[in-house]
1. Suppose only helical runs count, i.e. DSSP H with n ≥ 4. What mean residue ellipticity at 222 nm does that imply for the chain under -39500 (n - 2.57) per run, divided by all residues and rounded to the nearest 500 deg cm²/dmol?
2. If we count every other residue with Cβ under 13 angstrom of Ser322's Cβ, Lys/Arg +1 and Asp/Glu -1, where does the sum land?
3. Could you go through region 54-62 in sequence order and give the Karplus-derived ³J(HN,Hα) for each residue, using 6.51 cos²θ - 1.76 cosθ + 1.60 with θ = phi - 60°, rounded to whole Hz, and x for Gly and Pro?
4. Quick one: Kirkwood hydrodynamic radius for region 317-369, alpha-carbon pairs, angstrom, one decimal?
5. Which whole-Hz couplings ³J(HN,Hα) result when phi for each residue of region 237-251 is put into the Karplus expression 6.51 cos²θ - 1.76 cosθ + 1.60, θ = phi - 60°, listed in order with x for Gly and Pro?
6. Filter the cross-link list Lys143/Lys233; Lys114/Lys392; Lys247/Lys298; Lys146/Lys392; Lys247/Lys305; Lys114/Lys489 down to pairs whose alpha-carbon distance in this structure exceeds 20 Å.
7. Quick one: work out Rg over Rh on the C-alpha atoms of region 10-96, Rh as Kirkwood radius.
8. For region 169-470, with the dipole built from +1 on Lys and Arg beta-carbon atoms and -1 on Asp and Glu ones, taken about the Cα centre, which of Gly323, Leu408, Gly336 lies farthest toward the positive end?
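We did not get these values from a lab; they are worked out from the coordinates using the rules stated. If you're wondering where the values come from, they're calculated on a predicted model, not measured in any experiment. All Cβ positions, even for glycine, are placed from backbone atoms using ideal geometry, and neighbour counts span all protein chains on display.
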Amino acid sequence: MSIEFIYPEFEIIRNENRCISCRVCERQCANEVHSYDEKHNIMKCDESKCVNCQRCVSFCPTRALKIVKSDCTLRENANWSTETIKEIHKQANSGGVLLSSMGNPKPLPVYWDKILINASQVTNPSIDPLREPMETRVYLGKKPSKVQRKKDGALDCTLPPQLELSMPVMFSAMSYGSISYNAHKSLALAATELGILYNTGEGGLHEDFYCYGENTVVQVASGRFGVHADYLKAGAAIEIKIGQGAKPGIGGHLPGAKIVGDISRTRMIPEGSDAISPAPHHDIYSIEDLRQLVFSLKEATEYKKPVIVKVAAVHNIAAIASGIARSGADIIAIDGFRGGTGAAPTRIRDHVGIPIELALAAVDQRLRDEGIRSNVSLVVGGSIRSAADVVKAIALGADACYVATAALLALGCHLCRTCQSGKCNWGIATQRPELVKRLNPATGSERLINLMTAWRHEIKEFMGGMGINSIEALRGNRLMLRGIGLTEKELEILGISHAGE
Ligand code: SF4
Ligand code: SF4
Ligand code: SF4
């Protein structure tokens with residue numbers, strides 16, 4: 001042992017009475033934790049490599065394994081937590097920026113859990129969703145703010161391009177490269193079956209997935225990877241990615257080691273070259289510049305597709321959204337600070353940005369106050385974990401929600417939070433062929449469809465309980481929400497009353 005030694009975070013408990021030395025755990029672990037000692041006919045393990053992905057636990061045929069958090073304690077105190085001390089040691093060892101994946105894990109307020117939903121009693125009776133129709137369909141895009149008539153006085157019912165979703169949820173951006181071919185295929189299949197959309201992220205669209213175009217959002221990010229005319233025309237909508245909740249203000253980096261084969265072709269960059277997305281778009285320094293890109297993309301697609309502008313939730317998000325709503329964009333997507341990522345500097349992920357709940361409430365209110373709410377639809381993401389979060393987001397003013405981490409969990413992710421290693425044992429955040437094939441797209445899409453079907457039932461139950469029979473009637477209906485344990489200022493920003501009022 002040496003000054004560089006850090007005690008492993010997890011310990012592997014193997015029940016020797018149950019273990020039959022079948023070596024399944026050894027084959028299932030890409031981190032090479034388990035090994036077989038032929039001389040003594042026993043299994044051994046190197047716990048320092050374990051990330052607690054639970055793959056070996058799930059596949060052990062005799063349930064001989066469990067992973068527990070190590071109880072080896074450092075002399076922590078309220079100021080110097082074990083995590084902080086370990087991070088200092090890691091940086092002193094490596095001299096590098098700490099990298100993490102998935103969303104901000106800090107114990108900051110989760111406002112969704114401090115908001116309660118209303119239900120009808122006595123008057124305005126509730127609706128039984130099993131017996132009466134409930135409308136969960138939504139249309140995203142610009143809406144007219146007043147009734148329009150043609151020159152002859154007839155009603156003008158033409159609308160700018162709209163996205164139709166069977167429920168107010170979309171799978172948010174995850175690039176091919178950060179996640180596997182089979183993960184992308186699972187999302188594409190499920191989105192098509194569900195009548196919603198998935199999102200290419202910034203890695204381009206694999207040629208095999210053009211057939212799912214009607215259920216695809218194609219993204220244009222600062223690196224412009226894989227962007228060409230056919231790509232833009234392939235999707236149902238185009239998303240300009242300005243920012244991401246997990247790493248606001250900085251760019252992205254997919255290491256050259258992952259730019260191989262199809263990923264290099266799809267991104268249109270040479271094999272082995274690092275895919276670096278610059279922090280800003282080099283042609284956008286003002287709302288006028290953004291407007292130029294919005295209209296260039298509309299021009300390139302004959303004004304047939306809505307354009308989404310995605311930004312991270314940051315301090316002055318209401319003013320930023322107000323500018324975007326005037327840029328010609330049809331939809332604004334806002335990503336909160338708990339949004340996931342395949343890789344981000346730990347310090348940025350954990351300390352930059354604001355909660356999506358506050359950002360959403362502030363943006364919706366600002367756009368209403370300025371009379372431009374109908375200029376754009378609002379889509380919010382950044383840790384939407386359940387149907388309850390969706391309902392609360394809609395009532396706070398969102399038109400729909402972006403879901404990513406929950407979708408990955410449905411695909412088998414166990415939130416080991418080491419996507420950046422490229423060794424995802426569940427075949428999701430990896431490009432290793434032997435790991436990718438562990439995720440069967442048919443099974444993956446079925447699980448995604450199950451999850452969303454369950455959420456749709458739950459959304460209908462919430463709405464029925466409130467006596468509301470359509471998402472449209474719930475949108476921005478903050479009277480249906482109450483805060484619990486929040487300060488006056490928090491309630492003011494959220495635009496809701498306290499429970500009991
Ligand atoms: S998978 Fe289970 S039974 Fe097989 S070697 Fe590992 S611990 Fe033992
Ligand atoms: S990394 Fe995953 S598969 Fe490997 S030992 Fe740990 S829990 Fe098991
Ligand atoms: S996608 Fe894979 S590597 Fe990433 S957190 Fe989930 S299980 Fe871990």
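1. Details: 16 runs with 150 residues, N = 501.
Only helices count here, giving -8500 deg cm²/dmol.
2. Details: positive: Arg326, Arg366, Arg368, Arg373; negative: Asp364, Asp369, Glu370.
Neighbour charge sum, excluding Ser322 itself: +1.
3. 3J(HN,Hα) across region 54-62, in whole Hz: 6, 4, 5, 4, 5, 9, 5, x, 10.
4. 12.3 Å
5. 8, 10, 10, 8, 8, 8, x, 9, x, 6, 8, x, x, 10, x
6. Working: Lys143/Lys233 23 Å; Lys114/Lys392 11 Å; Lys247/Lys298 28 Å; Lys146/Lys392 27 Å; Lys247/Lys305 28 Å; Lys114/Lys489 14 Å.
From Lys143/Lys233; Lys114/Lys392; Lys247/Lys298; Lys146/Lys392; Lys247/Lys305; Lys114/Lys489, over 20 Å: Lys143/Lys233; Lys247/Lys298; Lys146/Lys392; Lys247/Lys305.
7. Answer for region 10-96: 1.08.
8. After comparing all options, I get Leu408.
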